[in-house]
Each structure stands twice: as C-alpha cells, then as structure tokens.
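**Student:** First, the structure itself, so that you have it in front of you.
The values are calculated or read from the model by the stated rules, or taken from the named source; none is laboratory data. No experiment lies behind these values; they were computed from the predicted model shown. Every residue, glycine as well, gets a Cβ built from its backbone with ideal geometry; the counts of neighbours run over all protein chains shown. Ligands, DNA and RNA are excluded from the accessible area calculation, which covers all protein heavy atoms including side chains. Shrake-Rupley method; radii C 1.70, N 1.55, O 1.52, S 1.80 Å.
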Amino acid sequence: MGFAIMSMTDGAAARVKAIVENSGPEAKGVRVGIKKGGCAGMEYTIDLVTEPNAKDDLIERDGARVWVEPSAVLYLLGTEMGFEQTTLRSGFTFTNPNQTSACGCGESVELKPADLAALATQRQSEPVHS
C-alpha cells in the first residue's frame, strides 16, 4: 500500500466536487501547490484542473480529485486539506505538520520540508492490518 501525500476531509471533498460541477465539463479537479509570498514566506495555491499534469500526484476521496504539484510534495507530506465556512470567511484549510509558523492574518505560512527519515520510522512502527 502506498503512502498518501495528503488527505481530505469530507468537507474538502464535497467542496472540490462542487467547484468541478460548477466549472463546466472540462473541469477535472483542483491542483494544490505552494508559492513564495506573504509576510510568512509561503502561500498555498489552488487552481482548477482541466488537463492533469502527468508529473502531479493525485489524491481522491468520494469522487473528488486533487492533484499536488511535484515542487510542493515535500512541504505537504502528512497534510490534511479541509474546508471551513464561517460568518467571516469560507475556504480551504491546511493542517500541515510541516508548518513552523503563520502570519497574523493566516494568509501565509512558513513551511519546512518533511523529515523523510521520521516518516519512514513512523511507517515501520505502525501495525500491519490484514
């Protein structure tokens, strides 16, 4: 069994499916990445996918498809993508174990690459289910 780069909550999967359904027949899903920007140094990016990039990693849940840019993989390992809707905002959220800090407004984050040795050790110590 392979290792999933990211996971999605039910809310995120439902929102991705709604975006795709409202974006026309060419829409296939969304693409998540990161870019330099904001006061903390990095920002998450989300773009509509009409033609998947063969180099991107694909995660799926309940028919929702999210592709992850190759340059973002090390920063997103272990991340859970969610969706929240409050009185003041609605949008995707990222619970990322590689985040070291965030700006005060929450629009940008500081990320470190995932510790692959720690992930390998963690996977080795997990019980095997048959």
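**Student:** Could you grab the pairs with beta carbons closer than 9 Å, sequence gap of 6+ or different chains, first residue in the stretch 45-60 and more than 17 Å from residue 34 (Cβ to Cβ), second one open to solvent by less than 80 Å² (accessible area, probe 1.4 Å) and among the aromatic types (Phe, Trp, Tyr)?
**Tutor:** Listed by first residue and then by second, the contacts come to 52/67; 58/67.
**Student:** Can you tell me which of 80, 107, 43, 60 is at pLDDT 85 or above and either touching a Gly at 6+ places or on another chain (Cβ under 7 Å) or β-branched (Val, Ile, Thr) (or both)?
**Tutor:** Within the list 80, 107, 43, 60, the selection yields 43.
**Student:** I need the full set of residues from the stretch 14-37 which are more than 20 Å from residue 76 (Cβ to Cβ) and open to solvent by 20 Å² or more (accessible area, probe 1.4 Å), in order please. Even if it seems obvious, please write down each step before you answer.
**Tutor:** First, pick out the residues of the stretch 14-37 that are more than 20 Å from residue 76 (Cβ to Cβ): 14, 17-18, 20-27.
Within the stretch 14-37, 14, 17, 18, 20, 21, 22, 23, 24, 25, 26 qualify.
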